[in-house]
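Colleague: Next up is a structure, given as structure tokens.
The values are calculated or read from the model by the stated rules, or taken from the named source; none is laboratory data. Small disclaimer: the values here were computed from a predicted structure and weren't measured. Note that we place each Cβ from the backbone using ideal geometry, even for glycine, and neighbour counts take in every protein chain shown. These area figures cover heavy atoms from the full protein model, side chains too; ligands, DNA and RNA do not enter into them. Shrake-Rupley method; radii C 1.70, N 1.55, O 1.52, S 1.80 Å.
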Amino acid sequence: MRLLAPRLAYFAGVARTEHVTRAAQELEVPQSTLSRALVRLERDLGVELFARHGRTVSLTPAGRTFLGSAEKALAEVGKAVESVRADADPASGKVAFGFLHTMGSETVPGLIRAFRADHPRIRFSLVQNYGEAMLDRLRAGELDLCLTSPVPDAPGLVARRLDEQRLRLVVPDDHRLAGRKRIRLAEAADEAFVTLEPGYGLRRITDDLCAEAGFRPRIAFEGEEAETLRGLVAAGLGVALLPPPAVARPGVVELTVTGQRAVREIGVAWLEGHPDTAPVAAFKKFLLGRRGRLLPE
């Protein structure tokens with residue numbers, strides 16, 4: 001394949017014109033170069049692809065068989081060229097962007113709307129997931145950028161802190177603590193907690209904050225999405241440390257945590273040394289310009 005691939009376009013050009021000189025003119029290569037390439041192609045394949053008739057040529061049965069596959073291969077290469085060029089186009093290219101589930105209802109739509117005010121034709125491929133899964137997809141080249149928490153510090157990645165969210169202790173509205181405005185996390189040491197599953201950034205933050213407050217949380221339920229946890233809290237199945245909701249949910253009360261810095265930092269990450277297309281560079285610059293005002297008020 002390494003030897004054959006560069007010669008497919010030469011072969012298809014001669015097959016189309018049935019004339020080496022005209023094909024060389026169309027392909028903009030010297031006729032001698034084209035002739036040698038065809039001879040080498042036939043030699044490498046071990047079959048004759050053309051019957052020579054003076055200055056003209058015609059395909060042999062083997063040549064006709066080979067031409068069908070060669071044209072399909074060249075068409076696929078052409079599609080790939082068009083696709084990567086389209087994705088890299090400064091005005092209408094594509095950004096593969098990952099973000100946390102908790103940012104999907106309000107934060108990310110607002111960011112994209114603001115960005116597209118100046119870049120109306122840039123397209124987005126959007127992926128929602130938890131932090132570690134997004135970083136894996138970033139390393140695999142499936143994402144250009146991702147918003148995640150905690151801000152990663154890992155080899156091969158570049159990350160920048162953009163903003164932070166205060167976490168609240170969410171309790172049922174008939175809970176013994178529901179009449180409070182503020183609470184020290186240590187006061188919830190005996191409560192059952194509902195949390196995200198291990199591997200989620202917010203779960204790690206919850207465990208660390210509880211450890212800082214002097215206890216290990218008693219986990220009643222684990223889930224994959226923050227609003228599901230709020231529903232479990234509203235059903236009286238536990239309490240939870242969560243970022244503020246996009247829309248207030250009935251059945252729960254959200255208490256300010258005092259005595260320690262109960263926040264989660266939000267950052268943007270990308271692959272170190274990975275060249276950006278023009279659309280990705282523009283969106284990265286936009287995100288970095290939103291430091292301190294990434295999240296809705």
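Colleague: From (1) part of a helix (DSSP H, G or I); (2) over 23 Å from Val77 (Cβ atoms), pick out the condition that doesn't hold for Glu48.
Modeller: Result: Glu48 fails condition (1) only.
Colleague: In addition: Pairs, please: C-beta under 7 Å, at least 6 apart or cross-chain, first residue closer than 21 Å to Gln31 by Cβ and among the polar types (S, T, N, Q) and in region 1-18, second open to solvent by 40 Å² or more (accessible area, probe 1.4 Å) and at pLDDT below 90?
Modeller: Short answer, once both residue conditions are applied: Thr17/Glu26.
Colleague: Would you check if there is a residue in region 147-155 being out of contact with any Lys or Arg (no Cβ under 8 Å at 6 or more places or on another chain) and within 28 Å of Arg249 (Cβ to Cβ)? Talk me through it step by step, then tell me what you get.
Modeller: Just the residues of region 147-155 that are out of contact with any Lys or Arg (no Cβ under 8 Å at 6 or more places or on another chain), to begin with: 147-148, 152-155.
Now restrict to residues that are within 28 Å of Arg249 (Cβ to Cβ): 147-148.
Checking region 147-155: at least one residue is out of contact with any Lys or Arg (no Cβ under 8 Å at 6 or more places or on another chain) and within 28 Å of Arg249 (Cβ to Cβ).
Colleague: Out of region 218-243, which residues are within 33 Å of the chain's Cα centre (by Cα) and outside any helix (DSSP H, G or I)?
Modeller: Ile219, Ala220, Phe221, Glu222, Gly223, Glu224, Glu225, Val239, Ala240, Leu241, Leu242, Pro243
Colleague: Please indicate, with yes or no, whether at least one residue in region 28-44 is surrounded by 14 or more Cβ atoms within 10 Å (Cβ to Cβ) and in contact (Cβ under 8 Å) with a residue 40 or more places away in the chain.
Modeller: No, region 28-44 has no match at all.
Colleague: Tell me the strands (runs of 3 or more DSSP E) entirely within region 99-173 that contain at least 1 residues that are within 18 Å of Ala246 (Cα to Cα) and in contact with a helix residue (DSSP H, G or I) (Cβ under 6 Å, 6 or more places away or on another chain).
Modeller: Fully inside region 99-173 and qualifying: 123-128, 145-148, 168-172.
Colleague: Right, another one. Please go through region 244-270 and give me each residue that is open to solvent by less than 40 Å² (accessible area, probe 1.4 Å) and either part of a loop (DSSP other than H, G, I, E, B) or under 30 Å from Asp144 (Cβ atoms) (or both), ordered by number.
Modeller: Within region 244-270, Pro245, Gly251, Gln260, Ala262, Val263, Arg264, Ile266, Gly267, Val268, Ala269, Trp270 qualify.
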